[in-house]
1. Considering only residues of the range 23-49 that are polar (S, T, N, Q) and surrounded by fewer than 21 Cβ atoms within 10 Å (Cβ to Cβ), which is nearest to Thr142 (Cα to Cα)?
2. Mind telling me which of the residues Asp179, Asp232 ends up being within 22 Å of the chain's Cα centre (by Cα), surrounded by 15 or more Cβ atoms within 10 Å (Cβ to Cβ), modelled with pLDDT under 95 and not assigned by TED's automatic domain parsing to the domain that holds Asn76?
3. Can you tell me which residues in the range 188-229 are free of Cβ contacts under 8 Å to residues at least 60 places away in the same chain and either not assigned by TED's automatic domain parsing to the domain that holds Glu285 or not acidic (Asp, Glu) (or both)?
4. Give me the residue from the range 32-67 that is of a type in the set (Asp, Glu) and either under 28 Å from Glu377 (Cα atoms) or outside any strand (DSSP E or B) (or both) and, out of that set, farthest from the chain's Cα centre (by Cα).
5. Scanning the range 198-222 for residues that are closer than 23 Å to Leu284 by Cα and modelled with pLDDT of 95 or more, which turns out surrounded by the fewest Cβ atoms within 10 Å (Cβ to Cβ)?
6. Of all residues in the range 145-161, which are in contact (Cβ under 8 Å) with a residue 24 or more places away in the chain and over 22 Å from the mean Cα position of the chain (by Cα)?
7. Just one of Asn262, Asn277 is modelled with pLDDT of 85 or more and surrounded by fewer than 15 Cβ atoms within 10 Å (Cβ to Cβ); which is it?
8. Mind listing just one residue for me: the one in the range 372-390 that is of a type in the set (A, V, I, L, M) and surrounded by 16 or more Cβ atoms within 10 Å (Cβ to Cβ) and, of those, farthest from Thr206 (Cα to Cα)?
Amino acid sequence: MRKFIFTSSVFLSALVSLNAYSNPPGSWVRDLRILSDSGLGNTDIYANGNMQAALDIIYDLEPGYSLKSVILKKYNTGQDLDDWEQSSLENKYLHNIGGQRIGHLRSSKFVQRYLSTSSPRSVSVCVELTATKEGQDFTTSTCEPGTNQASVFVNAINPVYLTKKNFELLPWDISSEIDDYEYQHTLNQPTGILTQEIKEQVLRKTSETPTILDIEVDHLLSESTSTLYLQDSLISKYGSTTPTSDDPYHLSHIMAWAVLPNMGVNKIKYVESTGWNNFNALTLEKNIPYAFKSDPNYLFSIITEIMRLDRGKYQAGYKSYLNCSVPGASSNTTIPCNTLTTIGSSDVEVYDSGVIASKSISRNSSAIKVTDYYGTESKIIMGVRKVDNYLSVIELF
(Lines give C-alpha, C1' and ligand atoms only; values in the text may rest on other atoms or scores of the structure.)
Protein backbone atom coordinates (compact mmCIF):
# COMPACT_ATOMS: atom_id res chain seq x y z
CA MET A 1 0.00 0.00 0.00
CA ARG A 2 1.38 3.44 -0.92
CA LYS A 3 2.46 5.45 2.10
CA PHE A 4 1.56 9.12 2.44
CA ILE A 5 4.50 10.91 4.04
CA PHE A 6 4.23 14.51 5.15
CA THR A 7 6.52 16.32 7.53
CA SER A 8 6.40 19.96 8.53
CA SER A 9 9.58 21.77 9.59
CA VAL A 10 8.28 22.02 13.16
CA PHE A 11 7.53 18.29 13.25
CA LEU A 12 10.93 17.51 11.76
CA SER A 13 12.84 19.44 14.40
CA ALA A 14 10.78 17.82 17.13
CA LEU A 15 11.45 14.38 15.69
CA VAL A 16 15.19 14.97 15.47
CA SER A 17 15.32 15.99 19.12
CA LEU A 18 13.29 12.89 20.00
CA ASN A 19 15.75 10.62 18.24
CA ALA A 20 18.56 11.71 20.52
CA TYR A 21 16.73 10.14 23.45
CA SER A 22 15.12 7.15 21.79
CA ASN A 23 17.98 4.67 21.94
CA PRO A 24 17.26 1.53 23.97
CA PRO A 25 19.96 -0.18 26.03
CA GLY A 26 22.65 -1.97 24.01
CA SER A 27 25.67 -0.26 22.48
CA TRP A 28 25.17 -2.06 19.17
CA VAL A 29 21.77 -0.40 18.60
CA ARG A 30 21.75 3.23 17.56
CA ASP A 31 17.98 3.56 17.28
CA LEU A 32 14.90 1.39 17.82
CA ARG A 33 11.35 2.75 17.79
CA ILE A 34 7.82 1.61 17.01
CA LEU A 35 5.01 3.76 15.61
CA SER A 36 1.72 3.16 13.88
CA ASP A 37 1.95 3.76 10.14
CA SER A 38 -0.09 6.91 10.72
CA GLY A 39 2.81 8.31 12.73
CA LEU A 40 0.91 8.13 16.02
CA GLY A 41 1.37 6.18 19.21
CA ASN A 42 -2.09 4.65 18.96
CA THR A 43 -4.34 3.15 16.32
CA ASP A 44 -7.92 1.82 16.13
CA ILE A 45 -9.05 -1.13 14.03
CA TYR A 46 -12.12 -3.33 13.72
CA ALA A 47 -11.95 -6.77 15.31
CA ASN A 48 -13.10 -8.59 12.19
CA GLY A 49 -10.09 -10.85 11.60
CA ASN A 50 -9.15 -8.99 8.42
CA MET A 51 -8.32 -5.40 9.33
CA GLN A 52 -4.68 -5.01 10.33
CA ALA A 53 -3.00 -2.44 12.52
CA ALA A 54 0.13 -1.46 10.58
CA LEU A 55 3.17 -0.83 12.77
CA ASP A 56 6.47 0.69 11.63
CA ILE A 57 9.61 -0.55 13.36
CA ILE A 58 12.45 1.91 12.77
CA TYR A 59 15.95 0.75 13.65
CA ASP A 60 19.61 1.59 13.16
CA LEU A 61 22.43 -0.82 14.00
CA GLU A 62 26.16 -0.37 14.45
CA PRO A 63 28.32 -1.42 11.47
CA GLY A 64 28.78 -5.16 11.22
CA TYR A 65 25.38 -6.01 12.72
CA SER A 66 22.53 -7.27 10.53
CA LEU A 67 18.86 -7.61 11.34
CA LYS A 68 17.71 -11.15 12.05
CA SER A 69 14.15 -10.75 13.34
CA VAL A 70 11.60 -8.41 14.90
CA ILE A 71 8.76 -9.68 17.06
CA LEU A 72 5.89 -7.71 18.56
CA LYS A 73 5.39 -8.18 22.29
CA LYS A 74 3.25 -6.83 25.11
CA TYR A 75 4.65 -3.61 26.53
CA ASN A 76 5.93 -3.73 30.15
CA THR A 77 5.82 -7.54 30.35
CA GLY A 78 7.48 -8.65 27.10
CA GLN A 79 4.91 -11.45 26.81
CA ASP A 80 3.82 -12.94 23.50
CA LEU A 81 0.72 -11.58 21.78
CA ASP A 82 -1.17 -14.86 21.95
CA ASP A 83 -4.57 -13.25 21.35
CA TRP A 84 -3.48 -11.51 18.16
CA GLU A 85 -2.52 -12.59 14.66
CA GLN A 86 0.93 -11.20 13.87
CA SER A 87 2.11 -11.04 10.26
CA SER A 88 4.79 -9.55 8.05
CA LEU A 89 2.37 -9.55 5.09
CA GLU A 90 0.09 -6.62 4.40
CA ASN A 91 -3.43 -7.18 3.08
CA LYS A 92 -5.58 -4.79 1.05
CA TYR A 93 -7.73 -3.35 3.81
CA LEU A 94 -7.37 -0.04 5.65
CA HIS A 95 -5.11 0.01 8.71
CA ASN A 96 -6.87 2.68 10.77
CA ILE A 97 -10.57 3.33 11.29
CA GLY A 98 -10.15 7.08 11.07
CA GLY A 99 -7.67 6.88 8.24
CA GLN A 100 -5.65 9.59 10.00
CA ARG A 101 -2.06 10.12 8.91
CA ILE A 102 0.13 12.94 10.21
CA GLY A 103 3.19 11.53 8.47
CA HIS A 104 6.53 10.65 10.04
CA LEU A 105 10.13 10.27 9.02
CA ARG A 106 11.36 6.80 8.23
CA SER A 107 15.00 5.97 7.92
CA SER A 108 16.11 3.62 5.19
CA LYS A 109 16.05 0.88 7.79
CA PHE A 110 12.53 0.05 8.85
CA VAL A 111 10.23 -2.95 8.69
CA GLN A 112 6.50 -3.29 9.12
CA ARG A 113 4.45 -5.73 11.09
CA TYR A 114 0.69 -6.18 11.13
CA LEU A 115 -1.72 -7.13 13.91
CA SER A 116 -5.29 -8.37 13.57
CA THR A 117 -7.85 -10.04 15.81
CA SER A 118 -11.37 -11.44 15.64
CA SER A 119 -12.39 -10.34 19.14
CA PRO A 120 -12.55 -6.86 20.67
CA ARG A 121 -9.47 -6.19 22.80
CA SER A 122 -6.64 -3.71 23.25
CA VAL A 123 -2.93 -3.93 23.95
CA SER A 124 0.19 -1.78 24.16
CA VAL A 125 2.69 -3.26 21.73
CA CYS A 126 6.47 -3.07 21.91
CA VAL A 127 9.13 -4.58 19.68
CA GLU A 128 11.85 -7.14 20.34
CA LEU A 129 14.72 -6.98 17.85
CA THR A 130 17.37 -9.61 17.27
CA ALA A 131 20.53 -8.83 15.29
CA THR A 132 23.45 -11.02 14.36
CA LYS A 133 27.20 -10.42 14.02
CA GLU A 134 29.79 -13.03 13.16
CA GLY A 135 27.33 -15.83 13.90
CA GLN A 136 26.34 -14.48 17.32
CA ASP A 137 22.81 -13.25 18.12
CA PHE A 138 22.08 -10.07 20.07
CA THR A 139 18.60 -9.18 21.33
CA THR A 140 17.09 -5.98 22.71
CA SER A 141 13.59 -4.51 22.97
CA THR A 142 11.52 -1.43 23.71
CA CYS A 143 9.37 -3.34 26.19
CA GLU A 144 10.85 -1.73 29.31
CA PRO A 145 9.33 1.60 30.41
CA GLY A 146 11.34 4.78 29.97
CA THR A 147 12.07 4.72 26.25
CA ASN A 148 10.51 7.25 23.88
CA GLN A 149 8.30 5.83 21.11
CA ALA A 150 8.66 2.42 22.71
CA SER A 151 5.07 1.24 22.23
CA VAL A 152 1.88 1.66 20.26
CA PHE A 153 -1.59 1.25 21.77
CA VAL A 154 -3.72 -0.92 19.47
CA ASN A 155 -7.46 -0.84 20.12
CA ALA A 156 -9.68 -3.37 18.30
CA ILE A 157 -13.41 -2.65 18.54
CA ASN A 158 -16.56 -4.42 17.37
CA PRO A 159 -17.00 -4.22 13.59
CA VAL A 160 -19.84 -2.22 12.07
CA TYR A 161 -21.91 -4.51 9.87
CA LEU A 162 -23.74 -3.23 6.83
CA THR A 163 -27.50 -3.72 6.53
CA LYS A 164 -30.07 -3.27 3.77
CA LYS A 165 -30.16 0.44 4.68
CA ASN A 166 -26.67 0.72 3.19
CA PHE A 167 -27.86 -0.47 -0.23
CA GLU A 168 -30.36 0.47 -2.90
CA LEU A 169 -31.91 -1.96 -5.39
CA LEU A 170 -33.31 -0.14 -8.39
CA PRO A 171 -37.08 -0.80 -8.44
CA TRP A 172 -38.54 -2.98 -11.16
CA ASP A 173 -40.73 -0.27 -12.69
CA ILE A 174 -37.80 2.06 -13.47
CA SER A 175 -35.21 -0.59 -14.36
CA SER A 176 -33.72 -0.82 -17.86
CA GLU A 177 -35.76 -3.04 -20.17
CA ILE A 178 -33.89 -5.76 -22.04
CA ASP A 179 -36.85 -7.51 -23.69
CA ASP A 180 -40.52 -8.33 -23.37
CA TYR A 181 -43.03 -10.50 -25.19
CA GLU A 182 -46.64 -9.47 -25.65
CA TYR A 183 -49.20 -12.27 -25.52
CA GLN A 184 -51.30 -12.65 -28.66
CA HIS A 185 -54.48 -14.76 -28.98
CA THR A 186 -53.84 -15.16 -32.68
CA LEU A 187 -51.48 -13.57 -35.15
CA ASN A 188 -51.60 -9.76 -35.18
CA GLN A 189 -54.01 -9.61 -32.24
CA PRO A 190 -51.98 -8.15 -29.36
CA THR A 191 -53.55 -8.14 -25.92
CA GLY A 192 -51.32 -5.69 -24.05
CA ILE A 193 -50.42 -8.50 -21.63
CA LEU A 194 -46.71 -9.27 -21.30
CA THR A 195 -46.10 -12.98 -20.80
CA GLN A 196 -42.35 -12.39 -20.54
CA GLU A 197 -40.34 -9.42 -19.26
CA ILE A 198 -36.57 -9.15 -18.76
CA LYS A 199 -34.95 -6.14 -17.11
CA GLU A 200 -31.63 -5.10 -15.66
CA GLN A 201 -31.98 -4.18 -12.01
CA VAL A 202 -29.02 -2.54 -10.30
CA LEU A 203 -27.66 -2.81 -6.77
CA ARG A 204 -25.87 0.28 -5.46
CA LYS A 205 -24.50 1.27 -2.10
CA THR A 206 -25.50 4.54 -0.49
CA SER A 207 -22.98 7.37 -0.68
CA GLU A 208 -22.27 7.12 3.08
CA THR A 209 -21.48 3.40 2.91
CA PRO A 210 -17.79 2.38 2.94
CA THR A 211 -16.24 1.28 -0.32
CA ILE A 212 -17.02 -2.35 -1.14
CA LEU A 213 -13.93 -4.32 -2.17
CA ASP A 214 -15.31 -7.85 -2.55
CA ILE A 215 -18.65 -9.38 -3.53
CA GLU A 216 -19.36 -13.10 -3.22
CA VAL A 217 -22.40 -14.66 -4.87
CA ASP A 218 -23.21 -18.38 -4.97
CA HIS A 219 -24.92 -18.22 -8.36
CA LEU A 220 -23.99 -15.81 -11.13
CA LEU A 221 -23.49 -15.40 -14.87
CA SER A 222 -19.89 -15.67 -16.04
CA GLU A 223 -19.69 -16.14 -19.83
CA SER A 224 -19.35 -13.26 -22.30
CA THR A 225 -22.70 -14.38 -23.71
CA SER A 226 -24.41 -16.05 -20.79
CA THR A 227 -27.39 -18.35 -21.19
CA LEU A 228 -30.14 -17.90 -18.62
CA TYR A 229 -29.91 -21.40 -17.16
CA LEU A 230 -32.24 -21.92 -14.25
CA GLN A 231 -29.58 -23.59 -12.11
CA ASP A 232 -27.44 -20.42 -12.29
CA SER A 233 -30.24 -18.22 -10.99
CA LEU A 234 -29.90 -16.19 -7.82
CA ILE A 235 -33.68 -16.24 -7.31
CA SER A 236 -36.24 -18.69 -8.71
CA LYS A 237 -39.85 -18.82 -7.57
CA TYR A 238 -42.44 -20.69 -9.59
CA GLY A 239 -46.08 -20.77 -8.58
CA SER A 240 -48.40 -22.94 -10.65
CA THR A 241 -51.95 -21.63 -10.61
CA THR A 242 -55.00 -22.30 -12.73
CA PRO A 243 -56.04 -19.29 -14.82
CA THR A 244 -59.52 -18.02 -14.06
CA SER A 245 -61.81 -15.77 -16.02
CA ASP A 246 -61.13 -12.82 -13.71
CA ASP A 247 -57.37 -13.44 -13.51
CA PRO A 248 -56.17 -15.03 -16.75
CA TYR A 249 -52.77 -13.39 -16.82
CA HIS A 250 -51.26 -14.36 -13.48
CA LEU A 251 -47.53 -14.34 -12.84
CA SER A 252 -46.10 -17.85 -12.80
CA HIS A 253 -42.28 -17.61 -12.56
CA ILE A 254 -39.88 -14.90 -11.38
CA MET A 255 -36.12 -15.44 -11.72
CA ALA A 256 -32.99 -13.34 -11.26
CA TRP A 257 -29.32 -13.75 -12.18
CA ALA A 258 -26.41 -11.80 -10.71
CA VAL A 259 -23.85 -10.17 -13.02
CA LEU A 260 -20.65 -8.84 -11.45
CA PRO A 261 -18.98 -5.96 -13.33
CA ASN A 262 -15.57 -7.67 -13.51
CA MET A 263 -16.86 -10.88 -15.13
CA GLY A 264 -17.03 -9.52 -18.68
CA VAL A 265 -20.63 -10.60 -19.31
CA ASN A 266 -21.92 -8.58 -22.28
CA LYS A 267 -25.00 -10.45 -23.49
CA ILE A 268 -27.68 -12.82 -22.30
CA LYS A 269 -29.11 -15.71 -24.31
CA TYR A 270 -32.59 -17.09 -23.73
CA VAL A 271 -35.73 -18.44 -25.38
CA GLU A 272 -38.53 -15.97 -25.88
CA SER A 273 -41.95 -16.64 -24.50
CA THR A 274 -44.82 -17.67 -26.78
CA GLY A 275 -48.57 -17.25 -26.91
CA TRP A 276 -51.13 -19.56 -25.39
CA ASN A 277 -50.94 -23.03 -27.02
CA ASN A 278 -48.20 -21.74 -29.33
CA PHE A 279 -45.20 -24.05 -29.28
CA ASN A 280 -42.82 -22.08 -31.51
CA ALA A 281 -40.15 -19.88 -29.97
CA LEU A 282 -36.92 -18.16 -30.96
CA THR A 283 -33.52 -18.07 -29.34
CA LEU A 284 -32.57 -14.47 -28.65
CA GLU A 285 -29.39 -12.67 -27.63
CA LYS A 286 -29.60 -9.22 -26.08
CA ASN A 287 -27.02 -6.81 -24.73
CA ILE A 288 -26.98 -5.98 -21.04
CA PRO A 289 -27.39 -2.18 -20.82
CA TYR A 290 -25.19 -1.66 -17.72
CA ALA A 291 -27.00 1.64 -17.29
CA PHE A 292 -25.26 2.48 -14.00
CA LYS A 293 -21.78 1.05 -14.57
CA SER A 294 -20.16 4.50 -14.35
CA ASP A 295 -21.95 5.28 -11.09
CA PRO A 296 -19.33 5.32 -8.27
CA ASN A 297 -21.83 3.57 -5.99
CA TYR A 298 -22.66 0.81 -8.50
CA LEU A 299 -21.98 -2.73 -7.24
CA PHE A 300 -23.51 -5.19 -9.69
CA SER A 301 -26.50 -5.89 -11.92
CA ILE A 302 -29.35 -8.34 -11.57
CA ILE A 303 -31.03 -9.74 -14.67
CA THR A 304 -34.64 -10.31 -13.62
CA GLU A 305 -37.10 -12.29 -15.74
CA ILE A 306 -40.84 -12.54 -15.17
CA MET A 307 -43.11 -15.05 -16.96
CA ARG A 308 -46.90 -15.28 -16.91
CA LEU A 309 -49.63 -17.70 -18.01
CA ASP A 310 -47.90 -20.71 -16.44
CA ARG A 311 -44.78 -20.10 -18.47
CA GLY A 312 -41.56 -20.93 -16.71
CA LYS A 313 -38.15 -22.55 -16.84
CA TYR A 314 -37.38 -25.94 -15.41
CA GLN A 315 -34.37 -28.11 -14.58
CA ALA A 316 -33.79 -31.24 -16.62
CA GLY A 317 -30.60 -33.15 -17.10
CA TYR A 318 -27.38 -31.15 -16.88
CA LYS A 319 -28.76 -27.67 -17.47
CA SER A 320 -32.12 -26.30 -18.47
CA TYR A 321 -32.30 -23.80 -21.26
CA LEU A 322 -35.73 -24.10 -22.82
CA ASN A 323 -38.98 -22.53 -21.84
CA CYS A 324 -40.96 -23.59 -24.89
CA SER A 325 -43.03 -26.75 -25.22
CA VAL A 326 -43.61 -29.60 -27.61
CA PRO A 327 -46.54 -31.76 -26.40
CA GLY A 328 -45.82 -35.45 -26.05
CA ALA A 329 -43.03 -37.25 -27.87
CA SER A 330 -42.18 -35.31 -30.98
CA SER A 331 -39.52 -35.94 -33.59
CA ASN A 332 -40.14 -32.61 -35.26
CA THR A 333 -36.75 -30.90 -35.16
CA THR A 334 -37.90 -27.93 -37.21
CA ILE A 335 -39.47 -26.32 -34.16
CA PRO A 336 -36.85 -23.84 -32.88
CA CYS A 337 -36.99 -24.96 -29.26
CA ASN A 338 -36.20 -28.55 -30.25
CA THR A 339 -33.01 -27.51 -32.00
CA LEU A 340 -31.69 -26.28 -28.67
CA THR A 341 -31.81 -29.60 -26.87
CA THR A 342 -28.11 -30.15 -27.51
CA ILE A 343 -27.42 -27.45 -24.93
CA GLY A 344 -29.45 -29.19 -22.26
CA SER A 345 -30.78 -32.73 -22.02
CA SER A 346 -34.27 -33.71 -23.24
CA ASP A 347 -35.52 -30.21 -22.56
CA VAL A 348 -38.89 -30.20 -24.28
CA GLU A 349 -41.96 -30.25 -22.02
CA VAL A 350 -41.75 -26.94 -20.28
CA TYR A 351 -45.12 -25.23 -20.48
CA ASP A 352 -46.81 -28.16 -18.81
CA SER A 353 -47.29 -26.80 -15.28
CA GLY A 354 -46.90 -30.23 -13.71
CA VAL A 355 -43.49 -30.70 -15.32
CA ILE A 356 -42.34 -27.21 -14.36
CA ALA A 357 -43.49 -27.61 -10.77
CA SER A 358 -41.76 -30.97 -10.33
CA LYS A 359 -38.49 -29.92 -11.96
CA SER A 360 -38.29 -26.28 -11.01
CA ILE A 361 -35.57 -24.93 -8.74
CA SER A 362 -36.87 -23.04 -5.72
CA ARG A 363 -34.70 -20.22 -4.43
CA ASN A 364 -37.05 -17.78 -2.78
CA SER A 365 -34.15 -15.83 -1.31
CA SER A 366 -30.39 -15.68 -1.63
CA ALA A 367 -27.54 -14.21 0.42
CA ILE A 368 -24.80 -12.04 -1.04
CA LYS A 369 -21.64 -11.41 0.96
CA VAL A 370 -19.91 -8.05 0.68
CA THR A 371 -16.59 -7.02 2.24
CA ASP A 372 -15.87 -3.33 2.78
CA TYR A 373 -12.46 -1.64 2.81
CA TYR A 374 -12.20 -2.18 6.57
CA GLY A 375 -12.32 -5.94 5.93
CA THR A 376 -15.74 -6.36 7.55
CA GLU A 377 -17.92 -9.01 5.92
CA SER A 378 -21.68 -8.38 5.77
CA LYS A 379 -24.60 -10.25 4.20
CA ILE A 380 -27.35 -8.87 2.00
CA ILE A 381 -30.50 -10.96 1.64
CA MET A 382 -32.54 -10.72 -1.54
CA GLY A 383 -35.95 -12.25 -1.86
CA VAL A 384 -39.31 -12.14 -3.62
CA ARG A 385 -42.27 -10.01 -2.58
CA LYS A 386 -45.64 -10.56 -4.21
CA VAL A 387 -47.29 -7.31 -5.30
CA ASP A 388 -50.41 -8.85 -6.84
CA ASN A 389 -51.32 -11.80 -9.06
CA TYR A 390 -49.70 -10.05 -12.01
CA LEU A 391 -46.42 -8.91 -10.46
CA SER A 392 -43.80 -10.01 -7.94
CA VAL A 393 -40.59 -8.08 -7.32
CA ILE A 394 -37.05 -8.74 -6.08
CA GLU A 395 -36.27 -6.77 -2.92
CA LEU A 396 -33.71 -6.48 -0.14
CA PHE A 397 -34.75 -8.08 3.14
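1. To start, the set of residues in the range 23-49 that are polar (S, T, N, Q) comprises 23, 27, 36, 38, 42-43, 48.
Among the residues that remain, those that are also surrounded by fewer than 21 Cβ atoms within 10 Å (Cβ to Cβ) are: 23, 27, 42.
Numbers: Asn23: 9, Ser27: 14, Asn42: 16 Å.
Looking at residues that are polar (S, T, N, Q) and surrounded by fewer than 21 Cβ atoms within 10 Å (Cβ to Cβ), I get Asn23.
2. Details: Asp179 fails: within 22 Å of the chain's Cα centre (by Cα).
Of Asp179, Asp232, the one residue that is within 22 Å of the chain's Cα centre (by Cα), surrounded by 15 or more Cβ atoms within 10 Å (Cβ to Cβ), modelled with pLDDT under 95 and not assigned by TED's automatic domain parsing to the domain that holds Asn76 is Asp232.
3. Just the residues of the range 188-229 that are free of Cβ contacts under 8 Å to residues at least 60 places away in the same chain, to begin with: 188-192, 208, 220, 222-224, 226.
Hits for the range 188-229 are Asn188, Gln189, Pro190, Thr191, Gly192, Leu220, Ser222, Ser224, Ser226.
4. The initial filter retains those residues of the range 32-67 that are of a type in the set (Asp, Glu), namely 37, 44, 56, 60, 62.
When the remaining residues are screened for being either under 28 Å from Glu377 (Cα atoms) or outside any strand (DSSP E or B) (or both), the result is 37, 44, 56, 62.
Numbers: Asp37: 27, Asp44: 24, Asp56: 30, Glu62: 48 Å.
Among residues in the range 32-67 that are of a type in the set (Asp, Glu) and either under 28 Å from Glu377 (Cα atoms) or outside any strand (DSSP E or B) (or both), the one farthest from the chain's Cα centre (by Cα) is Glu62.
5. Within the range 198-222, the subset closer than 23 Å to Leu284 by Cα is 198-202, 219-222.
Applying the additional criterion that residues be modelled with pLDDT of 95 or more yields 198-202.
Numbers: Ile198: 23, Lys199: 22, Glu200: 22, Gln201: 20, Val202: 23.
Step by step, filter the range 198-222, then rank; the result is Gln201.
6. We begin by selecting, within the range 145-161, every residue in contact (Cβ under 8 Å) with a residue 24 or more places away in the chain; these are 145, 147-161.
Result: Pro145, Thr147, Asn148, Gln149, Ala150, Ser151, Val152, Phe153, Val154, Asn155, Ala156, Ile157.
7. Details: Asn277 fails: modelled with pLDDT of 85 or more.
Answer to the selection: Asn262.
8. As a first pass, look at the range 372-390 and keep what is of a type in the set (A, V, I, L, M): 380-382, 384, 387.
When the remaining residues are screened for being surrounded by 16 or more Cβ atoms within 10 Å (Cβ to Cβ), the result is 380, 382, 384.
Working: Ile380: 14, Met382: 17, Val384: 22 Å.
That would be Val384.
The values are calculated or read from the model by the stated rules, or taken from the named source; none is laboratory data. Please read all numbers here as calculations on a predicted model, not as lab measurements. Every residue, glycine among them, receives a Cβ derived from its backbone with ideal geometry; neighbour counts consider all protein chains shown.
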